[in-house]
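Contents: one structure, followed by commentary.
The values are calculated or read from the model by the stated rules, or taken from the named source; none is laboratory data. On a predicted model such as this, the values are computed, not experimentally measured, just so you know. Cβ atoms come from the backbone with ideal geometry, glycine included; neighbour counts cover every protein chain shown. Quick note on the areas: whole protein, heavy atoms, side chains included, nothing else; ligands and nucleic acids left out. Shrake-Rupley method; radii C 1.70, N 1.55, O 1.52, S 1.80 Å.
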Amino acid sequence: MKRLIKRIALLTIGLWTLLPASASTIADDWALLPTPQQIQAQGGAKVNGSDFSYIIANDCEMPILFGNLDRLPRSKRKGIGISLSIDTLSTPQSSEGYILTINGKGADIKSRSQAGLMYGCITLDQLITQSQETSKAIPPMVITDYPEIDFRAVHFDTKHHLDRMDAYYTLIDRLAQWKINAVIWEVEDKLQYERRPECSAPNAISKQEMLALSRYAKDRNIDINPLVQGLGHAGFILKHHWELRENPKSDWEFCPSDPRYYDLQFDLYKDALEAMPYGKYLHIGGDEISAIGIDERCKATGKTPFELQMMWLGRICDWAKAHDRIPIFWDDMPFKYADLWWVLHGGLSDQEVERYWSTTKLDKAIDLFPKDCVYMRWLYDDPDYLAHRKIMDWYAHKDLKVMGATAASDGGSPFMPRHGSKTTHIRNFCNMAVEYGLEGIFATAWDDGSPHTETFTRGYAALGEWSWNPSVRSEEDFKKAHAQREYGLGPSETDFIEDLEASAKFFDTALIVEGRRNPAWQVVDFKLMDLPDPKQPGEWCKKYAAKLDSVRMEEVRYPLTQSKIKHAQENALRNRYTLEIYEQNNQLFHYPVTLLAALEKYDLSTDRAQRHEAIKDIQNVIAQFKDMRQNLESVYSRTRFMENPAGYIADMNHHHHLAALTPDSSWMYLYELAMINALNQWFETQTK
């Protein structure tokens, strides 16, 4: 019902009709991304994308243009043209909505705002681009379009890495074309805090550079909002300020009872807001707190840990409101206090959820919840299940403001997102955001595993698709449209991404028997698999038979995946750099496969000559590691800095994220380097 009311409100009386059956078909045939709300086929002449000769703005400013439209002259001349105008009478009431009319006479775009004109131009450019690439004429049509969700944000997380500034500018352009309109940037120590310079990394982005990027984004209807962690996740601050720790042995949590903490936190906020002045939100963190209330300063207040948490939240919210920002707060701690977190994440049946569900504690504590705060309901799996709906219903009943947080990638997995770029979860959460009338939707992209940005841009595009129009396109149809729109490729030419996901799963634990490459699982402690014993030939293969079965599967998968990537590189019309990243990941994932295959050959050797030849093969594989690493880092480093600057101090908390374990890129090959070192020692025993 809420969704229907919103649709009626967004269009003026008389304009809305039921979505034509041809709309999704046209959107898919022309790879329009995101899918427009309404497409009406018209009679008349078609138009070729190459026929447009100019673009003009009538009594309005020219919006930011991309692609083919940006290359057109901006004055009227012979041929057919594109006309832009502001129209507040017949266009959708959404400031980002537009009406695009296209036929043999030209194209006309109307909107209430510059943002809507820009989005209409983006849709038209997609039609023109595909017409030029396929030599197919564009059929006459009228597109009436607007977003279902007003605030459509993605996450930049720079806790463990920093990209080059030109890469952020390029990414902003891509986000704009997916009709994303906000970024929440978790800056950690990668901003030069002028008031507290000790909290900044030596290579941090200056406030002037961040301000310039924020202006650039604003021109493209993207507001950059800062996320500066408070209370917890504070290692980048507390490794310098031991006096403000709640637990002297951990740099994780602040003491919320020490007034000096607030002076420091507010200084960081001030610098962040000056560097990112155009957004309306300040994300204050506040999640995953485990030690509040143990410090003598906190004990002296007589407050419970939950009261201390909410005292902190209230004070931070008051500051944000006084500085014209709406605070956003991760919402897990109240549900942990109410003993509901395990119900939410316990994989319980509906009957079990009903049995254990109780909001009594929350109801009694409701006066502690600031009303001027947005509670970010984060869930990175499928949100459409009973326990999660009960949380959403509780929020609605208490009239609290809520924003949804899904995920553009599996932040705990290095190198490759998993689960098909989380498209199912993104789509379902966007639908839920519309159903419950949430303040917006946010796609996280955690740097815990520090995957290259290019590997989760498909997740960003998915957020653009379903936050704009959640109900039309299926996940498979989205991936087809994404292949065409991002690379100019057919629907089957990017299925190598799923192949890489499968290879990455084996790669994660290929060389170990204990531990996990996932940084959320304490990767500091791991145990390598044993090496073959020449006195017991064949026993090693028996011991690791399951791994070797996977090796044989990967030996088949690797050349097929490589062939698909090469085909994509040769035929792609754009975004080839993303394909280069995928290619290097494929080489990395295959390295332990070749190493294990060589060890298997050694273990199965039946005489001295065979064993000598097998040792040479192992040594050759080890020698190839240097080239593999050099090639990968050569490609990665075109957008990313590959090591921390001199003097950088690593965080000292319990997470032990993989990307924080070494000052250079060695963390990427943690198990491979350890195995190579073990093999070099093993060789010495074989030659004695």
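Scan region 521-528 and tell me whether some residue there is open to solvent by less than 50 Å² (accessible area, probe 1.4 Å), out of contact with any Ser or Thr (no Cβ under 9 Å at 6 or more places or on another chain) and among the β-branched types (V, I, T). Yes: region 521-528 contains one or more residues that are open to solvent by less than 50 Å² (accessible area, probe 1.4 Å), out of contact with any Ser or Thr (no Cβ under 9 Å at 6 or more places or on another chain) and among the β-branched types (V, I, T). Annotation note: of A167, A176, A153, the sole residue that is on the phi < 0 side of the Ramachandran plot, modelled with pLDDT of 95 or more and surrounded by fewer than 22 Cβ atoms within 10 Å (Cβ to Cβ) is A167.
Cβ-Cβ contacts under 8 Å between residues 6 or more apart (or on different chains), taken from a first residue in region 197-220 that is on the phi < 0 side of the Ramachandran plot and touching a residue at least 60 places away in the same chain (Cβ under 8 Å) to a second residue that is open to solvent by less than 50 Å² (accessible area, probe 1.4 Å) and among the polar types (S, T, N, Q), are listed as A201/N644; N203/N644.
Each row is one residue, and each column tells you yes or no for (1) at pLDDT 95 or above; (2) out of contact with any strand residue (DSSP E or B) (no Cβ under 8 Å at 6 or more places or on another chain).
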residue	(1), (2)
L463	yes, no
W468	yes, no
T494	no, yes
A502	no, yes
G515	no, no
K527	no, no
P537	no, yes
K547	yes, yes
Y558	yes, yes
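Would it be correct to say that N225 is under 18 Å from I184 (Cβ atoms) and either at pLDDT 95 or above or open to solvent by 10 Å² or more (accessible area, probe 1.4 Å) (or both)? Step through it out loud before you land on a result.
Details: under 18 Å from I184 (Cβ atoms): yes; either at pLDDT 95 or above or open to solvent by 10 Å² or more (accessible area, probe 1.4 Å) (or both): yes.
The answer is yes for N225.
Screening F306 against (1) within 30 Å of P417 (Cα to Cα); (2) touching a residue at least 40 places away in the same chain (Cβ under 8 Å); (3) not charged (D, E, K, R) leaves a single unmet condition, (1). When E246, E198, E194, E209 are screened for being buried (at least 18 other Cβ atoms within 10 Å of the Cβ) and charged (D, E, K, R), only E246 passes.
Scanning region 113-150 for residues that are under 20 Å from Y460 (Cβ atoms) and assigned to a loop (DSSP other than H, G, I, E, B), we see that the one that is most open to solvent (accessible area, probe 1.4 Å) is D150.
Filtering region 435-470 to residues that are touching an Asp or Glu at 6+ places or on another chain (Cβ under 7 Å) and open to solvent by 10 Å² or more (accessible area, probe 1.4 Å) leaves W446, T453. When region 349-398 is filtered for residues that are free of Cβ contacts under 8 Å to residues at least 24 places away in the same chain, charged (D, E, K, R) and open to solvent by 70 Å² or more (accessible area, probe 1.4 Å), the ones remaining, listed by number, are R355, K364, D367, D393. Of all the criteria given as (1) surrounded by fewer than 21 Cβ atoms within 10 Å (Cβ to Cβ); (2) within 29 Å of the chain's Cα centre (by Cα), the one not satisfied by K76 is (2).
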